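This report refers to the structure that appears directly beneath it.
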Amino acid sequence: MENLVALIIVGLGIALSIWISFYHRGSTASTANYYVAGGGISPRVNGLAMLGDYASAASFLGVAGAVALMGVDGWWLAIGFFAAWIVVLIAISSPLKNVGKFTVADVLNARFSGNAKKIRTVAMLSTLVLCIMYLVPQIVGAGHLFGLLLGWDYLPTVLVTGSLMALFVIIGGMKGTSYNQAIQGSILFGAMLFLLVFGVIHLFGGNPAGVIEASETMVPAKLAAGNAEAVAVAAAAASPGEAVDAVRAIMADAPSAVTPGVGLRDFANQASLVVALFFGVLGLPHILIKFYTVSNASDARKSAEITIWGLAVFYAAIFFVGLIAMYALYPDLLKMIADGEIGKAKNMTMPMLGEMLGGQILMGVIAAGAMAAMLSTSAGLLISATSSLAHDLYKGVINPDSTDAQELKFAKIGAFFLAVIAIGMSVWLKEENVAMLVGMCFGIAASTFAPALVFAVWWKGLTSQAVVWGMATGLVLSLLFTFSKFFGLETMLGLDVLVNPALYSVPVAVLVTVVISIMTSDRGDTEEFMAKAHGK
């Protein structure tokens, strides 16, 4: 087998993750333990877990791959991913912990208890959509990763991945998932720094400035791959440096890897992506639920601070590693893109770079970290989705008198069916870049939960009717433009279909929320809620 050593390392990583989940199987006996680990996770572990959950396949594989193909434009994703955490820390981390219990809907219902069923229903639908959509890039990344390691067909790999992620959730619950995420976050962090340091030493003689100098010469791989002569001369070059220089000689007037505008060519697309990423974290259920796994609001803030510092270093490193990968793999990337293997070129840059720099051992470590990221992030997503399905829909609407055992059974059955749906979508969207797929999820989150939560904890004028209609409007509009993008439509409702739906759906959702709040009167238990949310 061509990549036996790397495969063994990946297998050991998966086995460790399964063991951790199995070890914490006793933490799934009650809903409080299953959904949020009984609030017993320490701030340090929780901060690392959020780092691992957030710096998942989308960041480690997708952002680095986007930079390797498009240059600096691929880094827009990372900037947005990081900046949003500052907003989370300032705006909602403490209030969320003070008034919530298991799900995002709990926060809204704490204020609007009189309209609980409608709010829980629309919140549950938004959570399910977001979590399924977020599962897709994790499974897509795993499919390409196993294809690289084993040469497997795509379908068997996504079936294996989907089955494993459902197993993690059913066995270990939130506690097992949190420890898995903390470990895989540490592995990804270390792997990224190792690739940065070793790449600079191996390819640029230890001179970090050499990365930027080379990037100023490189024609972005995605752009160069469209020129048949450039692909041919790159393939014939004796070294990456010669390939870069040869392509530049052919495409003398082309932009460089550090020239903005290669991937996102107009302001509307850039603005839409930035809006989605900046506000999206405020509405991601699998991230927000982590604030319930600690014991108090102070620990929630400490967790967010640890995550922010980790992400600052991680995303700075990922930019340079992406440029190093473009340089090191330049002929290979051009050939893959020209041959139509765009999915592999977008998503497998990091394992290929690891193999080039450190052989199968480093490739295996990177692949194991990426696989652990996909599985543990998927597990966190499934827990968020099944928590909402069981707690908000089953317990909150269908069967309010249900026992813990009945609710847990409903949640675990739901995990299986949600995994099946995500696998089906992963087969359809296998050629998409995993980071851009995640960006779509951020746009949906920014259009649904983000306005509702920010208004709920900071604006006394918000009404329950506005929450329902604002979230529903944002959900429908963002999905309409998201699937228009997937189907390759150029316009929808007379508007250009952009790289992300947020530029349209976020302002409309906010406007609907404000207008309906002015027109209606159910402002809920405002004074009591605000006092509790802000610790007064």
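The values are calculated or read from the model by the stated rules, or taken from the named source; none is laboratory data. Everything quoted here is computed from the prediction, not taken from an experiment. Counting neighbours? That spans all protein chains shown, and the Cβs are built from the backbone with ideal geometry, glycine included. Accessible surface is based on the protein model in full, side chains and every heavy atom, while ligands, DNA and RNA are left aside. Shrake-Rupley method; radii C 1.70, N 1.55, O 1.52, S 1.80 Å.
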Quiz item: Across the range 23-50, what is the number of residues that are open to solvent by 30 Å² or more (accessible area, probe 1.4 Å), modelled with pLDDT under 75 and in a helix (DSSP H, G or I)?
Solution: 5
Quiz item: Considering Ala214, Ala238, Ala221, which residue is under 15 Å from Ala328 (Cβ atoms) and touching a Leu at 6+ places or on another chain (Cβ under 6 Å)?
Solution: Ala221
Exercise. From (1) over 19 Å from Gly65 (Cβ atoms); (2) of a type outside the set (A, V, I, L, M); (3) open to solvent by less than 40 Å² (accessible area, probe 1.4 Å), pick out the condition that doesn't hold for Ser256.
Key: (1)
Quiz item: How many residues does the range 109-119 contain that are out of contact with any Phe, Trp or Tyr (no Cβ under 7 Å at 6 or more places or on another chain) and modelled with pLDDT of 85 or more?
Solution: 2
Quiz item: Out of the residues in the range 452-510 that are over 22 Å from the mean Cα position of the chain (by Cα), in contact (Cβ under 8 Å) with a residue 60 or more places away in the chain and in a loop (DSSP other than H, G, I, E, B), which is nearest to Phe279 (Cα to Cα)?
Solution: Leu462
Quiz item: Taking the stated definitions as given, is Val219 in a helix (DSSP H, G or I) and at pLDDT 85 or above?
Solution: no
Exercise. Can you run down the residue pairs with Cβ atoms below 8 Å, 6 or more apart or on separate chains, where the first is in the range 522-535 and more than 10 Å from Val99 (Cβ to Cβ) and assigned to a loop (DSSP other than H, G, I, E, B) and the partner is of a type in the set (D, E, K, R) and open to solvent by 80 Å² or more (accessible area, probe 1.4 Å)?
Key: Arg523/Lys460
Quiz item: Among the numbered criteria (1) touching a Lys or Arg at 6+ places or on another chain (Cβ under 7 Å); (2) open to solvent by 10 Å² or more (accessible area, probe 1.4 Å), which single criterion is violated by Ala300?
Solution: (2)
Quiz item: Within the range 303-314, is even one residue more than 29 Å from Ser178 (Cβ to Cβ), surrounded by fewer than 24 Cβ atoms within 10 Å (Cβ to Cβ) and out of contact with any Phe, Trp or Tyr (no Cβ under 6 Å at 6 or more places or on another chain)?
Solution: no
Self-check item: Filter pass, Ser256 being in contact with a Lys or Arg (Cβ under 9 Å, 6 or more places away or on another chain), of a type in the set (Ser, Thr, Tyr) and not in a helix (DSSP H, G or I)
Solution: yes
Quiz item: Val457 versus (1) modelled with pLDDT of 90 or more; (2) aliphatic (A, V, I, L, M); (3) crowded, with 21+ Cβ neighbours inside 10 Å: which is the lone unmet condition?
Solution: (1)
Self-check item: Restricting the range 393-432 to residues that are of a type in the set (Phe, Trp, Tyr) and exposed (fewer than 15 other Cβ atoms within 10 Å of the Cβ), the residue that is nearest to Ala123 (Cα to Cα)
Solution: Phe417
Quiz item: Of the residues in the range 500-525, how many are modelled with pLDDT under 95 and either within 11 Å of Gly470 (Cβ to Cβ) or open to solvent by less than 20 Å² (accessible area, probe 1.4 Å) (or both)?
Solution: 3
Quiz item: Any idea how many residues of the range 321-345 are out of contact with any Leu (no Cβ under 6 Å at 6 or more places or on another chain), in a helix (DSSP H, G or I) and at pLDDT below 85?
Solution: 3
Quiz item: Among the candidates Leu277, Leu323, Leu284, Leu288, which residue alone is crowded, with 24+ Cβ neighbours inside 10 Å, over 30 Å from Gly39 (Cα atoms) and of a type outside the set (Gly, Ala, Ser)?
Solution: Leu323
Quiz prompt | Yes/no for Ala345 being touching a Ser or Thr at 6+ places or on another chain (Cβ under 9 Å) and either open to solvent by less than 10 Å² (accessible area, probe 1.4 Å) or of a type in the set (D, E, K, R) (or both) | solution = no
Quiz item: Of Gly364, Gly369, Gly380, which residue is part of a helix (DSSP H, G or I) and touching a His at 6+ places or on another chain (Cβ under 6 Å)?
Solution: Gly380
Exercise. Pairs only if they're at least six apart or on different chains, beta carbon under 8 angstrom, first in the range 407-435 and under 28 Å from Lys395 (Cα atoms), second of a type outside the set (D, E, K, R) and surrounded by fewer than 19 Cβ atoms within 10 Å (Cβ to Cβ); list them, first residue then second.
Key: Leu408/Ser30; Phe410/Ser402; Ala419/Ser163; Ile423/Leu159
Quiz item: Pick from the range 394-449 the residues that are under 17 Å from the mean Cα position of the chain (by Cα) and polar (S, T, N, Q): which of them is farthest from Ala472 (Cα to Cα)?
Solution: Asn433
Practice problem: Taking Gly241 as meeting all but one of (1) open to solvent by 10 Å² or more (accessible area, probe 1.4 Å); (2) part of a loop (DSSP other than H, G, I, E, B), write down the number of the exception. | Solution: (2)
Exercise. Answer yes if at least one residue in the range 383-392 is in contact with a helix residue (DSSP H, G or I) (Cβ under 8 Å, 6 or more places away or on another chain), crowded, with 24+ Cβ neighbours inside 10 Å and closer than 30 Å to Gly226 by Cα, and no otherwise.
Key: no
Quiz item: Does Gly114 satisfy the condition of being under 25 Å from Ala390 (Cβ atoms), touching a residue at least 40 places away in the same chain (Cβ under 8 Å) and not acidic (Asp, Glu)?
Solution: yes
Practice problem: Please work out which one of (1) surrounded by fewer than 19 Cβ atoms within 10 Å (Cβ to Cβ); (2) assigned to a helix (DSSP H, G or I) is the condition Ile132 fails and give its number. | Solution: (1)
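Okay, residues lined up against (1) in a helix (DSSP H, G or I); (2) open to solvent by less than 40 Å² (accessible area, probe 1.4 Å); (3) over 30 Å from Leu381 (Cα atoms); (4) modelled with pLDDT of 90 or more:
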residue: Val140; (1), (2), (3), (4): yes, yes, no, no
residue: Thr161; (1), (2), (3), (4): yes, yes, no, no
residue: Gly172; (1), (2), (3), (4): yes, yes, no, no
residue: Ser186; (1), (2), (3), (4): yes, no, no, no
residue: Ala191; (1), (2), (3), (4): yes, yes, no, no
residue: Val200; (1), (2), (3), (4): yes, yes, yes, yes
